[in-house]
1. Filter region 211-223 for residues that are in contact with a helix residue (DSSP H, G or I) (Cβ under 7 Å, 6 or more places away or on another chain) and near ligand 2 (Cβ under 6 Å from one of its atoms) and give the result.
2. Within region 199-214, work out how many residues are within 16 Å of ligand 1 (Cβ to nearest atom) and either modelled with pLDDT under 95 or in contact with a Gly (Cβ under 7 Å, 6 or more places away or on another chain) (or both).
3. What strands (runs of 3 or more DSSP E), lying completely within region 34-90, carry at least 2 residues that are in contact (Cβ under 8 Å) with a residue 24 or more places away in the chain, outside the structural domain of GLY117 (by TED's automatic domain parsing) and within 16 Å of ligand 2 (Cβ to nearest atom)?
4. From the list PHE125, PHE104, PHE148, PHE153, pick out the single residue that is within 17 Å of the chain's Cα centre (by Cα) and surrounded by fewer than 21 Cβ atoms within 10 Å (Cβ to Cβ).
5. Of the residues that sit in region 225-257 and are assigned to a loop (DSSP other than H, G, I, E, B) and touching a residue at least 60 places away in the same chain (Cβ under 8 Å), which one is farthest from ligand 2 (Cβ to nearest atom)?
Amino acid sequence: MEQKSKFVEQALILSNQALSSDVYRMVVQSPQIAHDSLPGQFVMIRLSDKLDPLLRRPLSIAGADPQKGTLTLIYRVIGRGTQQMAAAQTGASLDVMGPLGRGFDLSASRLLLVGGGIGLAPLLFVAERCCPRPVEVLAGGRTKDELFWTELFRDSCQSIHVTTDDGSLGVCGTCADALPALLANGRYEGVLTCGPRPMMKQVAALAKAAGIRTQVSMEEHMACGVGACLACTCGAADGGSRQVCKDGPVFWAEEVDWS
Ligand SMILES: Cc1cc2nc3c(=O)[nH]c(=O)nc-3n(C[C@H](O)[C@H](O)[C@H](O)COP(=O)(O)OP(=O)(O)OC[C@H]3O[C@@H](n4cnc5c(N)ncnc54)[C@H](O)[C@@H]3O)c2cc1C
Ligand code: FES
């Protein structure tokens with residue numbers, strides 16, 4: 001889980017497309033950050049010409065191409081910052097600080113990626129970096145409208161398993177409902193997960209019961225993103241605390257105080 005230096009770049013927005021009614025994919029030109037980014041790391045962003053909201057927002061790096069110098073971000077519109085992003089036009093400028101935090105350990109030879117909703121964004125970068133090593137993904141969504149994830153993972157994953165809350169696609173339920181059957185095949189040496197906290201807790205417990213270690217990517221509220229404000233402090237299993245922005249966002253599941 002290497003940590004490199006960070007940069008602030010005014011990144012040119014190359015594209016900003018809707019993937020569903022409230023999820024967008026933005027590609028920006030950000031050569032230094034793209035060069036140094038590792039799967040699991042994140043960036044702090046805001047539109048360069050906006051001072052409201054003043055604070056940058058954290059987004060996972062969903063892809064980085066060091067040759068082209070591009071970064072991919074996939075975001076759900078939930079508040080003022082992400083509304084402004086969705087309205088941003090190609091050619092506008094995004095203020096990007098990163099890469100930040102500690103990423104995933106990708107040393108296990110066969111990985112299962114388990115993502116719920118927008119938690120699939122950092123796992124996409126994992127799948128692309130690992131390719132052509134065999135990687136599988138278990139993608140959980142609310143309805144089949146989130147089918148776009150299967151398209152995004154198609155080129156980099158050997159198998160794509162899907163769950164939806166309403167059963168409109170794949171297994172009816174959450175990732176945790178579909179996981180036991182997958183773990184029973186004994187193929188995986190590591191599980192990487194990102195999504196709602198209860199889902200990650202269940203995923204980690206199921207993987208542990210199957211003898212597999214899990215890494216989790218935590219998404220706490222953040223203000224500074226660099227370890228200066230303590231906004232992202234969370235409890236650790238050893239009784240201490242961790243700053244998600246600096247010590248994470250990726251942790252081994254056994255490091256986290258799930259209570
Ligand atoms: C390390 C990290 C990586 C992330 N990666 C992604 C990503 O790849 N794609 C993506 O869409 N989102 C991601 N998020 C969440 C994203 O940062 C928030 O959705 C974003 O900051 C919302 O900004 P806003 O101005 O649109 O909404 P705000 O106006 O700031 O918030 C709107 C509502 O969302 C709540 N909220 C804001 N941030 C969070 C959070 N972190 N957890 C739970 N509730 C929150 C607020 O309390 C408020 O109720 C990530 C968060 C972290 C910490
Ligand atoms: S967000 Fe400021 S310390 Fe983590």
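1. Of everything in region 211-223, just one residue is in contact with a helix residue (DSSP H, G or I) (Cβ under 7 Å, 6 or more places away or on another chain) and near ligand 2 (Cβ under 6 Å from one of its atoms), namely MET222.
2. Taking region 199-214 first, the residues within 16 Å of ligand 1 (Cβ to nearest atom) are 199-201.
Those left that are additionally either modelled with pLDDT under 95 or in contact with a Gly (Cβ under 7 Å, 6 or more places away or on another chain) (or both): 199.
So the count comes out to 1.
3. Numbers: elements: 42-47, 57-60, 63-65, 70-76.
In region 34-90, the matching strands (runs of 3 or more DSSP E) lie at 42-47, 57-60.
4. Numbers: PHE125 fails: surrounded by fewer than 21 Cβ atoms within 10 Å (Cβ to Cβ); PHE104 fails: surrounded by fewer than 21 Cβ atoms within 10 Å (Cβ to Cβ); PHE153 fails: surrounded by fewer than 21 Cβ atoms within 10 Å (Cβ to Cβ).
Selected residue: PHE148, the only one of PHE125, PHE104, PHE148, PHE153 that is within 17 Å of the chain's Cα centre (by Cα) and surrounded by fewer than 21 Cβ atoms within 10 Å (Cβ to Cβ).
5. It comes out as GLY248.
The values are calculated or read from the model by the stated rules, or taken from the named source; none is laboratory data. The structure displayed is predicted, hence computed values, not measured ones. Positions of Cβ are generated from backbone atoms using ideal geometry, with glycine treated the same way; all protein chains shown enter the neighbour counts.
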